[in-house]
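As structure tokens, the structure follows; a few thoughts come after it.
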Amino acid sequence: MTSLAVANPGSLIQSVDWVAIAPPLIAAVAALAVLVTDLFLAERHRKWLGRLTAAGLALALIALLPLTGGSPRATFCVQNVAGATDNAGCSYVADHFALVFQLLVLGGALIAALLSAHTVEDEKLPGGEYWFLLLSSATGAALLPASRDLATMVIALEVASLPAFALVALRRDGRGAEAALKFFVSSVTATAVMLLGIGFVYAASGSLHLGAVAQGLEHAPGQLKPLAEAGAVLTLVGFAFKVAAVPFHFWVPDTYTGAPLPVAGYLSVVGKAAGLSGLALATTIAFRPYAHTWGLALAVLAAVTMTVGNVGALRQRFDTRYSAVRLLAWSSVGQAGYLLVPLAAAGYAPTGVDPLGATAAYALIYGVVNLGAFGVVAAVGRRAGTSVDDFRGLFARRRWTALALAFFLLCLAGLPPGVIGLFGKVVVFRAAVDAGLGWLAVVMAVNVVVALYYYLLWTARLFAPAPDTEPVGEAEAERRLPAGLTATLGLTASVAVVLSFAPQLVLQVAGGSLF
């Protein structure tokens, strides 16, 4: 008779590092608090749910502070994992990489929450459901950068994605349902392909922990290598979808157009950052033995993505309805290509060189200015429309709003006075050149020049003569922005200006190792 007794039962019990998991945990608790509070609040007090959401996200950001300045903290660890070194057998690791992306994710979610306050009220969206879904998605997005096994990564990715489908569908004008359906079908397909790939990887490596997967793939029998390579490619599909890399980008313009504007801004920054962190973890840790293979694949993917995004933006007519949102959608696809460049360089970088810092630095810069641009579109869309032509003469009507949008667009283009955008692109260029990917740097340079056309064309409209069709008193009414919109524009513009004067605050991320 086989004995099921364990020699040392205490070895199966481990303590949880609550400080390490505090950022996503606080966001999850805030989501539950909003859901329960919504049951007892009268309709006239529902605006407090938005304030509770913003407070929860701010508290989650504060919880990052105790994790900085020390050695990485890990929890949910398995002993005696094959090939495990240091924290390789742990499912959750709060290292420099995780903290940088959690800062981006939670900060982006907080700005999206501020941007959402007037949208929930103006569009009569169900407040309790909206804030609960936003916090739930932010929880998954904050969990993903700290995940260190494939199972936790998939769960985090789905926790970030599933509430986002519902957020897109909350708009009841017909476009929301169509946008959510396109988003849902394409995401489910990508997830199914990803799960198949993870199954192949597990069969070939015998583990789900990223460090152990790398060890298993390196020593896998020859007959299993085709299975492992196919699994690695299929696993990356799910993350490429979240980043909106070509050919997994086709949902972006329609989804951004059909979703409430704050949700579109949230997806363009937080959703992209979550997918980018998962892609970086899977490639640089789990699939490191195949570095040159996925390095070349990501380099081609980056070149195609930035080209398709910029060409799509060039083809966008400025006089059509929602053209401003669609232009930002195509711009986000092009920016995704730039974000992939340092990841591709990581496959060719010599030992000891970590180009991932360039991706993290550029993602932080992009997140601030892109959410700011969505904030200006939301502000203008309240009284006018969301076509680019509706921004004509904005400087004459609302000087500071026009200057803010001009600054955001110049940052995205990489032109002075948007110095931080220029430095971000230089850091990405340098990562490609240092890795020997000169051809990719040339492709990026051409795309940066191409993108200047539509960014500058939109900027020029801001300072063009104002149309004479504006009703009397309209300009004065436009100046009274809701508090949430004012906070969004003030916060994003202030951060972008400060970083332009002191770019070292964010570019120092590119100078050190994230792991």
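The values are calculated or read from the model by the stated rules, or taken from the named source; none is laboratory data. Quick caveat, the model's predicted, so the values are computed rather than measured. Because the Cβ atoms are built from the backbone with ideal geometry, glycine has one as well, and the counts that use them run over all protein chains shown. Areas reflect the complete protein model, heavy atoms only, side chains present, ligands, DNA and RNA absent. Shrake-Rupley method; radii C 1.70, N 1.55, O 1.52, S 1.80 Å.
Computed quantities for the displayed model
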| read-out | value |
| --- | --- |
| Residue match in the range 380-394 (condition: at pLDDT 85 or above, small (Gly, Ala, Ser) and in a helix (DSSP H, G or I)) | no |
| Members of the range 306-324 found to be modelled with pLDDT of 85 or more, more than 16 Å from ASP254 (Cβ to Cβ) and among the hydrophobic types (A, V, I, L, M, F, W, C), listed by number | MET306, VAL311, LEU314 |
| Residue within the range 301-312 that is more than 22 Å from GLY357 (Cβ to Cβ), surrounded by 24 or more Cβ atoms within 10 Å (Cβ to Cβ) and in contact with a Phe, Trp or Tyr (Cβ under 9 Å, 6 or more places away or on another chain) present | yes |
| Test for LEU217: is it at negative phi and in contact with a Pro (Cβ under 6 Å, 6 or more places away or on another chain) | yes |
| Positions within the range 11-32 being under 22 Å from HIS96 (Cα atoms), among the aliphatic types (A, V, I, L, M) and either in contact with a Pro (Cβ under 7 Å, 6 or more places away or on another chain) or open to solvent by less than 30 Å² (accessible area, probe 1.4 Å) (or both), in sequence order | VAL19, ALA20, ILE21, ALA22, ALA27 |
| Residues that are closer than 19 Å to LEU279 by Cα and of a type in the set (S, T, N, Q), drawn from the range 103-152 | SER137, THR139, SER147, THR152 |
| Qualifying residue in the range 337-348 (condition: open to solvent by 10 Å² or more (accessible area, probe 1.4 Å) and either closer than 30 Å to GLY176 by Cα or part of a helix (DSSP H, G or I) (or both)) | no |
| Candidates LEU35, LEU52, LEU59, filtered to the one that is open to solvent by 90 Å² or more (accessible area, probe 1.4 Å) and either at pLDDT below 85 or part of a helix (DSSP H, G or I) (or both) | LEU59 |
| Selection count where residues are under 9 Å from ALA20 (Cβ atoms) and touching a Cys at 6+ places or on another chain (Cβ under 9 Å), scope the range 59-76 | 2 |
| Conditions (1) in a loop (DSSP other than H, G, I, E, B); (2) under 24 Å from the mean Cα position of the chain (by Cα); (3) of a type in the set (Ser, Thr, Tyr): number failed by THR359 | (1) |
| Complete set of residues in the range 269-293 that are over 21 Å from the mean Cα position of the chain (by Cα), open to solvent by 10 Å² or more (accessible area, probe 1.4 Å) and in contact (Cβ under 8 Å) with a residue 60 or more places away in the chain | ARG288, PRO289, TYR290, THR293 |
| Residues (buried (at least 22 other Cβ atoms within 10 Å of the Cβ) and within 25 Å of ALA502 (Cβ to Cβ)) located in the range 426-460 | VAL427, VAL428, ALA431, TYR455 |
| Selection status of ALA396, touching a helix residue (DSSP H, G or I) at 6+ places or on another chain (Cβ under 6 Å), in contact (Cβ under 8 Å) with a residue 60 or more places away in the chain and aliphatic (A, V, I, L, M) | no |
| Test result for GLY265, closer than 20 Å to VAL369 by Cα and touching a Leu at 6+ places or on another chain (Cβ under 7 Å) | yes |
| Failed item in (1) surrounded by fewer than 24 Cβ atoms within 10 Å (Cβ to Cβ); (2) over 19 Å from the mean Cα position of the chain (by Cα); (3) of a type outside the set (S, T, N, Q), with VAL246 passing the rest | (2) |
| Failed condition for LEU157, given (1) in contact with a Pro (Cβ under 8 Å, 6 or more places away or on another chain); (2) within 30 Å of ARG73 (Cα to Cα) | (1) |
| Odd one out for ALA324, checked against (1) touching a Ser or Thr at 6+ places or on another chain (Cβ under 9 Å); (2) among the small types (Gly, Ala, Ser); (3) surrounded by fewer than 24 Cβ atoms within 10 Å (Cβ to Cβ) | (3) |
| Count - residues of the range 362-377 that are hydrophobic (A, V, I, L, M, F, W, C) and closer than 16 Å to ALA336 by Cα | 6 |
